[in-house]
Amino acid sequence: MKKSKKNLKSIEAFFLFLVTVSFTVLSGCSDTLTNSTGTVTENQTKVEREFSLSSVLKASPDELIVVDLEDLNSPSVSGDTGPVGEDVIPYTYTKDINQEFRVAPFSTFKIKFVSDATGDTLAQVFPGGFAQLSVPAGNYKLHLISFDSYSSSDLSSNIIFIKPSVSGSNIVTHLKAKECIECNFKNTDLSGMNFTDVTLSRSSFTGVNLRNANLRNAYVDSCRMENTNLDSANLINSWLPGTKWGEGSSLQYAVFDSAYMVGCEFSKVQMKGVSINRVHFARTNILYSNMLNATVINSDFDEVKIYGSGFSYTNFTKTAFINAQIQSSNFDRCNLTDTDFGRSALTQVNMAYANIIGAYFCESQKTGITTVGIIYNSTTQCWP
């Protein structure tokens, strides 16, 4: 599942190709699926590598599937479900379904839907096309076939989302690369996957493992993160406004450099060792969370609310906390060199042994501050 140089020239001829297939069955059960909301329900997400580990595992047509389609001629890798340049997802239909497949325009892949019983190709869909068919209960395989040629210099994501919309006995399945908006990834293992430039806006990541995942330049705005593991994840230059991390989430040693994180919330979150450089962190709530031994440089926490949280030994060099409300939190032994606390309210804050040389506290309110061993000099403004 290596990355590739995207070459659209090889598929230009297919962009206007439209396929409509009708495969009619005269008999079969009349049971229906019951999700009429058009959304993916909980516990219905699978990842390609799960199928590579189990020869008996089958996808259901109402499940969200995440596929990492490797390019043509790319090196062989583990976790693949087909020959190089092709991934195969096995499906079981437990009842008759009116199925429609849609491949997004300008995609760099096509699909084939094949019957296990006959070996016949029931549908083939190119970029911008669709296929409609009546599928009887049984086993099938969905083939995703890449048009791209491998290049070791291309680090972009090859993630494709197979996203169904269910209404009674009708399913419309959309296949699109690099975008899954309002998706439910609950309890899914996405660790180590490459989501560079991928849009995941307004999605739920409750219980998801994203350890070591690459989310560089990704859109992860207004998402829900509870009990989510983002340890050592790469979120450089990512877009995260409005995302909320809840209890049990861990961001230890994650890298958020140049990310945009306005209006976020961290509640009972572990953030030890995170890297936050040139991050816009304004109007964010940090509640009962720990950001120990972190690196926070050239970032702004303007108008943040911090309560009951720990930042011991963190480097806050040249960071702004203007108009912030900080209460009952630990900043002991922090490097706060050239940090701006102007017009902020600091209440019951432990700043023991912190370095505040060059820091700015003018117009701030300081109540119950622990100052033992604090390091300051004439460049520290409006202190104590």
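Just a few scattered comments:
- Shape category assigned to segment 255-384 from the gyration tensor of Cα positions, a/c cut at 1.5: rounded
- Around the amide H of Lys366, modelled in the peptide plane, lie the amide H atoms of Leu346, all under 5 Å away and 5 or more residues distant in sequence or on another chain.
- Close amide H partners of Ser156, meaning residues 5 or more places away or on another chain with modelled amide H under 5 Å apart, are Ser4.
- For segment 119-128, the Karplus equation 6.51 cos²θ - 1.76 cosθ + 1.60, evaluated at θ = phi - 60°, returns couplings of x, 7, 7, 8, 7, 9, 10, 9, x, x Hz by residue, with Gly and Pro reported as x.
- Segment 190-289, relative contact order in percent, only Cα pairs under 8 angstrom and at least six apart counted: 20 percent
- Cα lying deepest toward the dipole's positive end in the chain, options Ile357, Pro61, Tyr307, charges on Cβ: Ile357
- Taking every alpha-carbon pair under 8 Å whose residues sit at least 6 apart, segment 260-384 reaches a relative contact order of 16 percent.
- Three-way shape label, segment 235-294, alpha-carbon gyration tensor, a/c 1.5: oblate
- With the helix formula -39500 (n - 2.57) applied to DSSP H stretches of n ≥ 4, the chain reaches a computed 222 nm mean residue ellipticity of -500 deg cm²/dmol.
- Counting beta carbons within 10 Å around each of Ile356, Ile162 and listing the fewest first gives the order Ile162, Ile356.
- With Rh defined as the Kirkwood radius, the inverse of the mean 1/r over Cα pairs, the Rg/Rh of the chain is 1.11.
- Amide H contacts under 5 Å for Ser289, placed H, 5+ residues apart: Lys268, Val269, Ser309, Gly310
- Taking 7 Å steps out from each Cα toward its Cβ at Thr367 and Glu247 produces label points 2.8 nm apart.
- Net charge dipole size for segment 46-121 [Lys, Arg +1 and Asp, Glu -1 on Cβ; Debye, nearest 20]: 120 debye
- Rounded to 5, percent antiparallel among DSSP beta bridges of the chain: 40 percent
- Computed on the chain, with alpha-carbon pairs under 8 angstrom and 6+ residues apart, the relative contact order is 10 percent.
- Taking the average, over residues, of other Cβ atoms within 10 Å as the packing measure, peptides 358-371, 78-91, 218-231 rank 218-231, 78-91, 358-371 from highest down.
- Stretching the chain fully between Asp154 and Ser167 yields a gain of 0.8 nm (0.36 nm per residue, less the alpha carbon separation).
- Gyration tensor verdict on segment 49-126 (Cα atoms; rounded if a/c is under 1.5, prolate if a/b is larger than b/c, oblate otherwise): oblate
- Sorted by Cβ density within 10 Å, fewest first, the residues Phe130, Phe106, Phe301: Phe106, Phe130, Phe301
- Cβ-based exposure ranking for Leu142, Leu53, Leu215, in which fewest neighbours within 10 Å come first: Leu53, Leu142, Leu215
Every number here is computed from the coordinates shown, using simple stated rules; none is lab data. On a predicted model such as this, the values are computed, not experimentally measured, just so you know. All Cβ positions, even for glycine, are placed from backbone atoms using ideal geometry, and neighbour counts span all protein chains on display.
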